[in-house]
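One structure is given here, and the rest of the page talks about it.
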Number of protein chains: 2
Amino acid sequence: MMIQTPYLLFLGDAPDMLAAKVAIGIRDWRPENAVGQISLPGCGADLGLTEMTLAEGREAGAKTLVIGVANRGGAISPKWKDMLLDALAAGYDLASGLHNLLRNEDDLVEAAKAHGRALHDVRIPSVQYPIANGEKRRGKRCLAVGTDCSVGKMYAAMAMEREMHARGMKATFRPTGQTGILITGGGVPLDAVIADFMAGSIEYLTPDHDADHWDLIEGQGSLFHISYSGVTLALIHGGQPDALILCHEPTRTHMRGLPGYSLPSLEQLRDTALPLARIANPACQVVGIAVNTQHMETGGARDYLAGVSQRMGLPATDPYRFGADMLVDALAAI
Amino acid sequence: MMIQTPYLLFLGDAPDMLAAKVAIGIRDWRPENAVGQISLPGCGADLGLTEMTLAEGREAGAKTLVIGVANRGGAISPKWKDMLLDALAAGYDLASGLHNLLRNEDDLVEAAKAHGRALHDVRIPSVQYPIANGEKRRGKRCLAVGTDCSVGKMYAAMAMEREMHARGMKATFRPTGQTGILITGGGVPLDAVIADFMAGSIEYLTPDHDADHWDLIEGQGSLFHISYSGVTLALIHGGQPDALILCHEPTRTHMRGLPGYSLPSLEQLRDTALPLARIANPACQVVGIAVNTQHMETGGARDYLAGVSQRMGLPATDPYRFGADMLVDALAAI
């Protein structure tokens, strides 16, 4: 169930760049997936891609119009409707990560049916996943685990994939959240999977592969985040990773959304995640640390990374800011 | 969303007692919930309750006909249909834990509507659960965690509840699986909850209560069972237990359904579960051990329990076979 690429990125009436997070992710991480952008009057976001009409997008090869804008409350704006209906008539599939589903909009469903197009709601699974069987799979797997939610696990995995491809290594980023699924065109929306099938969905996402191929699995949640820790453990046990990357954001004062909960140290994360990972894969190792330093000055960030690396005896970098070289070196050494 | 009690227990054409597991659980743990049993010709199961007609059941006060028999593949047998339709006409609600849902049977849906009755499919949630907020709740909570699945966690919790009630203590068994839900009339079918809401569903199940009240939360899965470990961790973090009971079945040669995975020791279970539980409740303690000794001779079982108790420095019993006294003593001491 892959979304057809390339895309035309729909920015709608996004008030600013922050609202266009999904489109920015696609532009930054899969530029080959985006032929251009299309906006409505008053749009405050600009990706710097060619602004196209629906017809120009189709001529440039676009197969899917991706809603690259997050609306307040995850709604599908009535202001977008004419454009979305025109897109279906022009031969586009539609893809959305919004809370409100394309498939619940009667006019879109009707138009999609009339024109033989697909509506992709990436927030909900389109597959009946199996229950995990725990059998050892060929190929290698790397998983990013975090001290908290939203500390840069997805960016770490994508930065590593890019660096590995640049070196000619075999690697595939495996999305487990809606943004990653829209960026690449496929994946598992893990937070929407039924409890019994979580680990199985990750086995399904990361099947047997070449012995020298790496799956770079997108992390979710945190073992220390009580709202989502179960999702994280399912990811660890379904993914049976050979390598863990520890992810951290040093300026966080408490767990995201949980004012009463402080963050664990990187040592606590290592000592909690590794024994759990070794239940599924006794050979698993912690190989490196990815720090999200976006709220730190360059000098302070470099000092922090050097200190962490020294303290933990592991390579430590901000893979988005300073490159993923040393994390990829660590994987290559396994 | 509680199922109306008391029940009339429907045994259908169960070939033997094994197929009547749900009905047996109700008879053993909530005898006050069952006014009698009703069978079809050729039924090989007998609970020893009064065999009644539908009319006699209603006269005895029964409000719900519970399907107490597990059919092959979880199907609703066509042979049961006349009886189920008659029950709706006679004023019964229906409750089922089968995989195939009552609500997907058109004739039952139509009859339920015509007679103003409810169809309860306890395998799927009937509530939109919140995302867990991790806030400390009043009252005390005990959770059974296992070295494996199906090692007696539910029976341990129910045996403790019975003993606590006998002592006049405030306690409520909180079911998290279909059998427990049918036995008590309510609970959370955790394995069917959407990933993001697992921990929240357990917060919902075990709300603020009297300071001296114990919720005895039914455990699910195992942190060491890679298929379901995420469910277990959500239960630990959503339940924020004050007390953990370790559960074990000593004759198991490998993890249930996973031939390549050996069971952890009770020490490994303690050392894994307790630090994770303390993320949600720093005061959490491991207070006792419940061993399922059903495959051991009495003498061997008693020797085993004495050895485990000595080794772990904790009370150890088979609460179903030898009573839950010492586990309740341990809770009472907190």
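The values are calculated or read from the model by the stated rules, or taken from the named source; none is laboratory data. Since the model is a prediction, treat every value here as computed from it, not as a measurement. Because the Cβ atoms are built from the backbone with ideal geometry, glycine has one as well, and the counts that use them run over all protein chains shown. In case anyone asks, the SASA skips ligands and DNA or RNA and just uses the protein heavy atoms, side chains included. Shrake-Rupley method; radii C 1.70, N 1.55, O 1.52, S 1.80 Å.
For the set B:3, A:124, the ranking by accessible area, highest first and with no ligand, DNA or RNA atoms included, is A:124, B:3 under a 1.4 Å probe. Think of it as helices only: each DSSP H run of n ≥ 4 in chain A is worth -39500 (n - 2.57), and spread over all residues that comes to -10000 deg cm²/dmol at 222 nm. Across the range A:150-155, rounded Karplus estimates of 3J(HN,Hα) from the backbone phi angles (6.51 cos²θ - 1.76 cosθ + 1.60, θ = phi - 60°) give 6, 10, x, 5, 5, 5 Hz, Gly and Pro being marked x. Centre-to-centre separation between the Cα atoms of the range A:180-249 and those of the range A:273-292: 13 Å.
Taking amide hydrogens as placed 1.01 Å from N in the peptide plane, the amide H of residue A:213 sits under 5 Å from those of A:140, each at least 5 positions away in sequence or on another chain.
For the residue pairs A:63/A:136; A:136/B:136; A:140/B:153; A:113/A:170; A:21/B:136; A:21/A:63, alpha carbon separations beyond 30 Å are given by A:63/A:136; A:136/B:136; A:140/B:153; A:113/A:170; A:21/B:136.
Ranked from largest to smallest solvent-accessible area, with a 1.4 Å probe on the protein heavy atoms, A:279, A:131 come out as A:131, A:279. Surface composition of the range B:279-334: carbon plus sulfur atoms contribute 50% of the solvent-accessible area (1.4 Å probe, protein chains only, all chains present). Across chain B, counting alpha-carbon atoms alone, Rg and Dmax equal 20.2, 62 Å.
I'd like the carbon and sulfur percentage of the solvent accessible area for the range B:1-160, probe radius 1.4 Å, heavy atoms only, ligands and nucleic acids excluded.
On the way: 3610 of 7030 Å².
Roughly 51 percent of what the probe reaches on the range B:1-160 is carbon or sulfur.
If you roll a 1.4 Å probe over the heavy atoms of the protein chains, what accessible area per residue do you get for the protein assembly as shown, in Å²? Please list the in-between numbers first.
Numbers: 26280 Å² over 668 residues.
I get 39 Å² per residue for the protein assembly as shown.
Chains A and B together bury roughly 2500 Å² of accessible area, counting both sides, with a 1.4 Å probe on protein heavy atoms only. Derived value for the range A:57-206: Kirkwood hydrodynamic radius 17.4 Å. Basis is the mean of 1/r over every pair of different alpha-carbon atoms. For residue B:86 and residue B:4, a Förster radius of 25 Å and the Cβ-Cβ distance give a FRET efficiency of 0.90, rounded to the nearest 0.05. Accessible surface for residue A:107 stands near 60 Å², nearest 10, in the context of the full protein assembly shown (1.4 Å probe).
A protection proxy built from the mean count of other Cβ atoms within 10 Å ranks the segments A:59-68, A:26-35, most packed first, as A:59-68, A:26-35. Residues of the range B:230-246 whose accessible area, computed with a 1.4 Å probe over protein heavy atoms, drops by at least 50 Å² once all protein chains are present relative to their chain alone are B:233, B:237.
Here residue B:294 yields copy-to-copy label distances, from shortest upward, of 5.2 nm, the label point defined as 7 Å from Cα along Cα to C-beta.
In terms of packing, defined here as the mean over residues of other Cβ atoms within 10 angstrom, the peptides B:92-101, B:76-85, A:246-255, A:140-149 line up highest first as A:140-149, B:92-101, A:246-255, B:76-85.
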